[in-house]
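Student: Take this structure first; my questions come after.
The values are calculated or read from the model by the stated rules, or taken from the named source; none is laboratory data. Quick caveat: nothing in here was measured; it's all calculated off a predicted structure. Note that we place each Cβ from the backbone using ideal geometry, even for glycine, and neighbour counts take in every protein chain shown.
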C-alpha cells in the first residue's frame, strides 16, 4: 500500500457513517484528559458482543471492521483537533479498556475468533499511532496469560498495555494518572463527571 493509498483509506474510513445500531452496541467515549493533557478514552469492551454482530453475515462483519478502524483513527484525529486546547503539543492518548462482563463464550464461536485474530492486528497497528498507553481493567483472565499470549493477537500494541484484574489494583493506577473530574464515578472519579465526547 502506497502513502496515497493509505491516505485514501483513512479518508474513506473517517467519513464513513456507522449504522446507529452498531454505534449503540459498541460505544466508546473520551472521558477527558490525563495529568499531562493527553486525551483519555474509555472502551467498555466487556459489553461488546462481537459474535452477535458477525452472525449478521458479510455485511455485519464488514461494518464492524470499518467501525473498529474508524475508532482507532479517531484516537489520533482527536489528539490533533485538541491541539492548543488542553496542551500546546499534540499528545497521544491514554485508553482505559474495561473488560467487566465480557462473555468468554464468544471465544467458542469460530468465526468470532477468526475475525478478531485477523482484524486486531490491523486495528493494533492503527491504534499505536494514536495512543501512548492502554490500561486494561476488570480483566477476568490472568494478566500473566495476556502478557504471554497477547502479542499473537495484538502485536506491537502489547508494548503499550498494562493489565489489572482487581479494583484494588486498577483504581489507584487510574487516579495516579487522571484528574478526578475526568474520571467516571464508577472508576472512583467525580460524581459530576461528564465525558468530553461520546461515540455511540
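Student: Could you tell me whether any residue of the stretch 39-48 is surrounded by 12 or more Cβ atoms within 10 Å (Cβ to Cβ), over 12 Å from the mean Cα position of the chain (by Cα) and farther than 24 Å from residue 104 by Cβ? If you could, list the steps in order and put the result at the bottom.
Tutor: Pass one, the stretch 39-48, residues surrounded by 12 or more Cβ atoms within 10 Å (Cβ to Cβ): 39-48.
Still in the list and also over 12 Å from the mean Cα position of the chain (by Cα): 39, 47.
This time we only want the ones that are farther than 24 Å from residue 104 by Cβ, so: 39.
Looking through the stretch 39-48, at least one residue is surrounded by 12 or more Cβ atoms within 10 Å (Cβ to Cβ), over 12 Å from the mean Cα position of the chain (by Cα) and farther than 24 Å from residue 104 by Cβ.
Student: Next question, about the same structure. Taking the conditions exactly as written (on the phi > 0 side of the Ramachandran plot, out of contact with any strand residue (DSSP E or B) (no Cβ under 7 Å at 6 or more places or on another chain) and either modelled with pLDDT of 80 or more or surrounded by fewer than 20 Cβ atoms within 10 Å (Cβ to Cβ) (or both)), does residue 117 satisfy them or not? Let's see the steps before the verdict.
Tutor: On the way: on the phi > 0 side of the Ramachandran plot: no; out of contact with any strand residue (DSSP E or B) (no Cβ under 7 Å at 6 or more places or on another chain): yes; either modelled with pLDDT of 80 or more or surrounded by fewer than 20 Cβ atoms within 10 Å (Cβ to Cβ) (or both): yes.
Considered against the rule, which asks whether it is on the phi > 0 side of the Ramachandran plot, out of contact with any strand residue (DSSP E or B) (no Cβ under 7 Å at 6 or more places or on another chain) and either modelled with pLDDT of 80 or more or surrounded by fewer than 20 Cβ atoms within 10 Å (Cβ to Cβ) (or both), residue 117 comes out as no.
Student: Is there any pair with a first residue in the stretch 167-183 that is buried (at least 16 other Cβ atoms within 10 Å of the Cβ) and a second that is assigned to a helix (DSSP H, G or I) whose Cβ atoms are under 9 Å apart and which are 6 or more apart or on different chains, and what are they?
Tutor: Correct list of pairs: 170/187; 171/187; 174/187; 178/187; 183/174; 183/175.
Student: Another question about this same structure. Residue by residue through the stretch 142-177, note down the ones that are over 17 Å from the mean Cα position of the chain (by Cα) and under 19 Å from residue 75 (Cβ atoms).
Tutor: Residue satisfying the conditions is 177 alone.
Student: Find the residue count for the stretch 110-134, including only residues that are part of a helix (DSSP H, G or I) and either closer than 16 Å to residue 159 by Cβ or free of Cβ contacts under 8 Å to residues at least 60 places away in the same chain (or both). Write out each step before concluding.
Tutor: Residues of the stretch 110-134 that are part of a helix (DSSP H, G or I), as a first pass: 110-130.
Filter once more, so that each one left must be either closer than 16 Å to residue 159 by Cβ or free of Cβ contacts under 8 Å to residues at least 60 places away in the same chain (or both): 110, 113-114, 117-130.
Number satisfying all stated conditions: 17.
Student: For residue 155, state whether it is in a loop (DSSP other than H, G, I, E, B) and touching a residue at least 24 places away in the same chain (Cβ under 8 Å).
Tutor: On the way: in a loop (DSSP other than H, G, I, E, B): no; touching a residue at least 24 places away in the same chain (Cβ under 8 Å): yes.
Spelling it out, it is not the case that residue 155 is in a loop (DSSP other than H, G, I, E, B) and touching a residue at least 24 places away in the same chain (Cβ under 8 Å).
Listed here are the residues, each with its yes/no results for (1) under 17 Å from residue 46 (Cβ atoms); (2) surrounded by 14 or more Cβ atoms within 10 Å (Cβ to Cβ); (3) modelled with pLDDT of 80 or more.
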site	(1), (2), (3)
124	no, yes, no
139	yes, yes, yes
146	yes, yes, no
157	no, yes, no
